[in-house]
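Got a structure for you, questions after.
FYI, it's all coordinate maths here, none of it is from the lab. All figures in this text were calculated on a predicted structure; none of them were measured in a lab. Positions of Cβ are backbone-derived with ideal geometry, glycine not excepted, and every protein chain shown enters the neighbour counts.
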Amino acid sequence: MLIAGNWKMFHGPDATREFLSAFEPPDGVDVVLCPPYVSLAAALEGPIPVYAQNVHWAHEGAYTGEISAEMLLELGVTGSLVGHSERRHYFGETDESAARRARAACDAGLRVIACVGETEEQREAGHTEMVLRLQVEAIRDALGGAHEHLTLAYEPVWAIGTGRTATPDLAREAHAFVKSILDVPVLYGGSVKPDNAAELLSQPDVDGALVGGASLDADSFTEICRAAVAVRS
Ligand code: PGA
């Protein structure tokens with residue numbers, strides 16, 4: 001069971017150190033933090049494995065504003081998110097570019113959490129499975145199958161930061177569908193909170209959570225990690 005905290009564009013180095021001094025995850029669950037780039041070094045001062053929020057596909061080059069897998073590994077970073085819906089929505093990330101990033105990162109030795117998920121319009125139009133299929137197949141084809149460093153995160157876009165969570169049934173169905181295309185661990189993401197974590201995490205095929213807003217506070221993130229331990233034991 002993996003619980004990943006995606007801090008998005010929150011928590012600079014000072015706030016990162018403050019968080020780490022208050023955060024005591026329980027034993028029995030794998031926890032990772034995904035802080036902004038400028039807070040990676042501060043996060044690495046603590047005991048929790050650190051992931052970036054994005055990674056470029058080239059080793060180096062004229063790509064202003066981007067960071068390579070090799071640079072992250074040199075710093076001591078363990079993995080990276082790839083293809084988060086906010087990257088897709090605001091920064092033009094496509095299924096193909098997300099897949100290229102995932103491939104380069106896995107090849108370089110980083111772990112990857114690749115994010116997939118449908119928008120509200122796509123779900124209402126009955127296109128959820130088609131969208132998920134295209135997203136997951138792009139990653140699968142770029143990696144040549146189920147890479148040992150790859151985890152997927154199913155994050156319905158309509159549930160991210162909205163307080164609306166997928167029902168456990170809906171999450172279970174989507175996870176099973178994703179795994180039928182690419183059999184790797186699948187995290188659930190989208191308004192995971194201390195009070196809904198146990199129910200979501202106890203669904204079959206839900207192998208952990210990608211937590212945004214509720215990972216910013218050490219107490220609420222600790223509670224979610226505890227829920228994961230309770231579900232497993
Ligand atoms: P949220 O974000 O938990 O704030 O909905 C999840 C994510 O975007 O990874």
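Just the C-alpha atoms of the stretch 63-121: what Rg/Rh do they give, with Rh taken as the Kirkwood radius?
1.00
Turning to a different aspect of this structure: If you filter the stretch 33-138 for chymotrypsin sites (Phe, Trp or Tyr not before Pro), then keep DSSP loop positions with at most 11 other Cβ within 10 Å, what is left?
Y63
Under 10 Å, Cα contacts only: if you run a Gaussian network model on the chain, which one of E118, E24, E137 comes out with the highest mean-square fluctuation?
Highest fluctuation among the options: E24.
Okay, next question. Using only the alpha carbons of the stretch 101-233, what is the convex hull's orientation-averaged projected area in square nanometres?
8.1
Plugging the Kirkwood radius over Cα pairs into Stokes-Einstein for the stretch 28-150, at a temperature of 25 °C and a viscosity of 0.890 mPa s, what D comes out in µm²/s?
Rounded, D is 163 µm²/s.
Here's something else I'd like to know. Per the Kirkwood definition applied to all pairs of different Cα atoms, how many angstroms is the hydrodynamic radius of the stretch 152-191?
The Cα-based Kirkwood calculation yields 10.2 Å.
Given H placed 1.01 Å from N in the peptide plane, which residues other than close sequence neighbours of A153 have an amide H under 5 Å from its amide H?
So A153 has HN proximity to A114, C115, V116, L187.
Now a separate question. What GluC sites (Glu not before Pro) in the stretch 28-114 are in a loop by DSSP, with at most 14 other Cβ atoms within 10 Å of the Cβ?
Listed in order of number, the matching sites are E45, E60.
Let me ask another. How much space per residue, in cubic angstrom, does the convex hull of the C-alpha atoms of the stretch 2-232 take up?
Considering the Cα atoms of the stretch 2-232, their hull volume per residue is 110 Å³.
What residue among G46, G76, G126 has the largest mean-square fluctuation in a Gaussian network model of the chain, using Cα springs under 10 Å?
Answer for the Gaussian network model of the chain: G126.
Can you give me the Rg/Rh ratio for the stretch 5-45, using Cα atoms for both radii and the Kirkwood formula for Rh?
0.96
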